[in-house]
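The values are calculated or read from the model by the stated rules, or taken from the named source; none is laboratory data. Treat the numbers as computed from the prediction; the structure is a model and nothing was measured. Note: ideal-geometry Cβ built from the backbone for every residue, glycine included; neighbour counts use all protein chains shown.
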Amino acid sequence: MSNKVLVIGGGPAGLEAARSAAELGGEVILLEKRERLGGTPDRENYAKLTHHWRDASEAMGELASAVTGNSNIEVKYSTEVKGMSGSAGNFTVEVEAGGAAESLNVGAIIIATGFQHFDPGRATQYYNYYSFPDVITLTDLEKMLKEHKVVRPSNGEAPKKIAFIQCVGSRDRQLGNEYCSKVCCGIASKQAIEIREQLPDSKVMIFYIDMRMYGYWENEIYWPAQEKHKVNYVKGVISEVLKKGDQLLIRGEDTTMSRPMEVTMDMVVLSVGMEPSAGTRAIAQTLGVQQNKYGFIEAGGTGGLDPVATSVPGIFVAGAAAGPSDLDDSISEAGLAAARAVASIRKAMAAA
Amino acid sequence: MTETMTTVEEILERKSQSVVRDPELAPTHDIREALFELEAKGEIVVQRVPENHIEVKTKYGRTKKIPVDHTWHHKSCGQCGHIPGYTSSIFWLHRQFNLDYIDPTDQTSCTGWNYYASATSNAVAQAAVMIRNFAAAHETGYFPMIHCGTSYGHYKEIREQLVHHKELRDEVRRVLDKMGKPLVIPEELVHYSEWIHAMRKRFAEKQTVDMSMITATVHPACHYYKIVAEDAIYDPDIYGGQRTATVTGTLQSLGINVADYSTWFDCCGFGFRHVLVERDFTRSFSTLRKIEVMKNEVNPDVTVTHDTGCVTTLDKSQFSAKAHDRKVGIPVLSDAQMAALAMGAHPFRVVQFHWHSTDWRPFLDKLGINWQKYWDEFQGDLELIRSGQKSGITWQDADAPVVYG
């Protein structure tokens, strides 16, 4: 039997799960395959977080400090899981760091291995990300926003006309990613506002199927984007991005006007959705937890009221490893997963 | 990433990587697995690709086998009827490598135009026509190679229908039984342009006509890469794996500068129904959306494509736009004709430029080919035929490459 909680993944969900489990009296081991904590917001250089507008580095720094400063949490960097045996209360997990193998005995496991952004080169839409320098993704733009230097990669000049294309790699039957990635509308709108603030002479358009701005995102992001920052929202699917001279030509359907449209732009930003990360796919196989048809960890338990339960008792999931999540989802689930993990260890120990 | 890289440099470096697709993540099933499953149940016969084949990659990273020789040529009605240089170029290329092939006399039309234009046929009839052709190929032991892009697209759709609908297979089997033929489906559906793509480097080795001064635009056929999209060739070294590699790869191997234009993904506008009943729509679309855009943005020496309908429409519509003073006038050829010309095929005995409507003389002038000399030679051939001394131009007359001096 072990009283340790193993958290796999040092992104927002993993950091919150580790901190919460430690605060609940658990002893925690946190595994991170990179050399630093912070997960995707850190690796992809997120600028400001949707929807609180807080600097991403600062926020991740706070989450990470709460973990590294806690004596009940042991962080293992550059470490990956290689195998697992046992059952709830008594798992043996084989890990490897820099060629050195180690065996960990833990009572519960929390999977927080997150997501990766959809690679636009796989899309059936003809957006030419790999062909044209000025077609970029949300993450490319985040880095430029963070540095306050939004320029066209083709010539280094500030773009005057920028278009966002929503739902790239999401809501797509042909591609197989049928789901909505939840956060891209909010992120694109947030980025549109940041561009308008940094480049006041620019014109920004967002081409969408539906704008999904739920809860407070509606009034905190969507309304000011239009009313204060004059971002143009156009309902219509973009079918292709081509080159015309030294600009980009985007072609699609303006659904409101019921007609085809062509517009030239200096830069096009693809709102790429979420997919299970390579780490999530690998850990599912290693731990033997069920995945859904998209490759995310299947969560929900019987009855769907336990969003952190996986198919294996004693193994829990939090955040984007289970499907598209915003930061609030990830942090909330992490807290719940920590509670469940600590409770499951206590039950196992009481029964022993 | 290094410490000294700027953000823009990082972005450009990420975008310079070609897409390599993992077949495990493909969103569609591999139809060939379904074929083998049906064969194992005794429902169909799957004709295997000959041993001498070249492997290529398709849209989702799967491997496709392209036969090099031992092929049964499923010809195109429109090519043989309107652009015969297209067909003769395909065979000429095979003959330059002494490749074994059959040009069958018992092949029927695919009747795909019927399906796409009028829907006056039905699924059983369309499928039975396809299977009859494949059964005829199977009887010879030679593997079918499809000349027309529309036939290819049509047959890909029928293959999906047959795999997914037992009742269709049963009905088709009933029809084929009356002819004493089995229900045969080849392991791969192969378009001739895929053979040209697979063989392109071998063509380049035998190239005698310098084409480095030529700028070409490519028009990829909808029936090739949009219908049953997963079966088309995609190569990480061509367009970074983002667009189908067929035709472009061939031209690049011949040293031709392939230029992009803003209506690359547009259909040629042939339109199986409207080309019959509203032909000015075809003419408007092909000239105003494709040719005029190419002319304005790139002004290429030639436009190259790989389907019968596309060559026909793009070439033979330009006269109508010219009559309205539109900016047109780009000669149109197939990839087969381009490759054959590059290897020294006679411009009239083999490539048969004289069947093409848009003026090709400036193109040949730019290549330094004295077309008048070869036209006079061809006129000599026709005189021999008129006088009854020959019944036609033979492969013996046409096989040897021209040495352009």
Checklist line | Residue list for segment B:241-291, filter: part of a helix (DSSP H, G or I), within 14 Å of chain A (Cβ to nearest Cβ) and in contact with a Lys or Arg (Cβ under 8 Å, 6 or more places away or on another chain) | finding: B:Gly241, B:Leu288
Next item on the list: Kindly indicate whether any position in segment B:155-162 is under 24 Å from B:Ser334 (Cα atoms) and either over 21 Å from the mean Cα position of the chain (by Cα) or not acidic (Asp, Glu) (or both).
Entry: yes
Checklist line | Of all residues making up segment B:326-368, the number that are among the β-branched types (Val, Ile, Thr) and either in contact with a Gly (Cβ under 6 Å, 6 or more places away or on another chain) or not in a loop (DSSP other than H, G, I, E, B) (or both) | finding: 2
Note to self: Restricting to segment A:202-258, name every residue that is surrounded by fewer than 15 Cβ atoms within 10 Å (Cβ to Cβ) and among the aliphatic types (A, V, I, L, M).
What the structure shows: A:Met257
Checklist line | segment A:8-52, residues that are within 30 Å of A:Lys347 (Cα to Cα) and either assigned by TED's automatic domain parsing to the domain that holds A:Asn219 or surrounded by fewer than 19 Cβ atoms within 10 Å (Cβ to Cβ) (or both) | finding: A:Glu23, A:Leu24, A:Gly25, A:Glu27
Check: Do you know which of the residues in segment A:87-127 that are part of a loop (DSSP other than H, G, I, E, B) and touching a Pro at 6+ places or on another chain (Cβ under 7 Å) is nearest to the other protein chains (Cβ to nearest Cβ)?
Finding: A:Tyr127
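Looking at segment B:172-187, is at least one residue within 21 Å of B:Ala26 (Cα to Cα) and surrounded by fewer than 21 Cβ atoms within 10 Å (Cβ to Cβ)?
Within segment B:172-187, the subset within 21 Å of B:Ala26 (Cα to Cα) is B:187.
When the remaining residues are screened for being surrounded by fewer than 21 Cβ atoms within 10 Å (Cβ to Cβ), the result is B:187.
Yes, the conditions are met somewhere in segment B:172-187.
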Notebook entry, point to check: Considering segment B:170-185 alone, what residues qualify as being farther than 18 Å from B:His138 by Cα and not acidic (Asp, Glu)?
Noted result: B:Arg174
Next item on the list: Restrict the check to segment A:249-260 and report whether at least one residue is more than 14 Å from chain B (Cβ to nearest Cβ) and under 18 Å from the mean Cα position of the chain (by Cα).
Entry: no
Notebook entry, point to check: If A:Tyr130 satisfies every condition in (1) at the interface with chain B (Cβ under 8 Å from one of its Cβ atoms); (2) within 25 Å of A:Asp254 (Cα to Cα) but one, which is the exception?
Noted result: (2)
Next item on the list: Look through segment B:196-226, keep the residues that are within 13 Å of another protein chain (Cβ to nearest Cβ) and in a loop (DSSP other than H, G, I, E, B), and return whichever of them is nearest to B:Met343 (Cα to Cα).
Entry: B:Pro220
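Can you tell me which residues in segment B:6-17 are more than 7 Å from chain A (Cβ to nearest Cβ) and of a type outside the set (Lys, Arg)?
Listed by number, the residues that qualify are B:Thr6, B:Glu9, B:Glu10, B:Glu13, B:Ser16, B:Gln17.
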Next item on the list: Please enumerate the residues belonging to segment A:287-332 that are crowded, with 24+ Cβ neighbours inside 10 Å, small (Gly, Ala, Ser) and closer than 23 Å to A:Lys82 by Cα.
Entry: A:Ala299, A:Ala318, A:Gly319, A:Ala320, A:Ala321, A:Ala322
Check: So A:Ala97 clears everything in (1) surrounded by fewer than 20 Cβ atoms within 10 Å (Cβ to Cβ); (2) touching a residue at least 60 places away in the same chain (Cβ under 8 Å) except one condition, right? Which one?
Finding: (2)
Next item on the list: Kindly provide the set of residues from segment A:133-161 that are at the interface with chain B (Cβ under 7 Å from one of its Cβ atoms) and assigned to a helix (DSSP H, G or I), ordered by number.
Entry: A:Asp140, A:Lys143, A:Met144
Next item on the list: Return yes or no: is B:Gly85 outside any strand (DSSP E or B), small (Gly, Ala, Ser), more than 21 Å from B:His154 (Cα to Cα) and at pLDDT 95 or above?
Entry: yes
Next item on the list: For residues that are under 22 Å from the mean Cα position of the chain (by Cα) and on the phi > 0 side of the Ramachandran plot, tally how many sit in segment B:98-136.
Entry: 2
Next item on the list: Of the numbered conditions (1) closer than 27 Å to B:Ile11 by Cα; (2) within 13 Å of chain B (Cβ to nearest Cβ); (3) acidic (Asp, Glu), A:Glu178 fails exactly one; give the number of that condition.
Entry: (1)
Check: Any residue in segment B:305-323 that is modelled with pLDDT of 95 or more, within 14 Å of another protein chain (Cβ to nearest Cβ) and surrounded by fewer than 18 Cβ atoms within 10 Å (Cβ to Cβ)?
Finding: no
Next item on the list: Working only within segment B:42-71, note down all residues that are in a loop (DSSP other than H, G, I, E, B) and without any contact (Cβ under 8 Å) to a residue 12 or more places away in the chain.
Entry: B:Gly42, B:Glu51
Check: Can you name every residue in segment A:299-341 that is among the acidic types (Asp, Glu) and at pLDDT 95 or above?
Finding: A:Glu333
Checklist line | Output for segment B:26-41, where each listed residue is in contact with a strand residue (DSSP E or B) (Cβ under 9 Å, 6 or more places away or on another chain) and either in contact (Cβ under 8 Å) with a residue 12 or more places away in the chain or within 11 Å of chain A (Cβ to nearest Cβ) (or both) | finding: B:Arg32, B:Leu35, B:Leu38
Next item on the list: Please specify each residue of segment B:374-405 satisfying the condition of being part of a helix (DSSP H, G or I) and within 18 Å of B:Thr208 (Cα to Cα).
Entry: B:Tyr374, B:Ala398
Item checked: Matching residues in segment A:78-94 - criterion: being among the small types (Gly, Ala, Ser) and surrounded by 14 or more Cβ atoms within 10 Å (Cβ to Cβ) -> A:Gly86, A:Ala88, A:Gly89
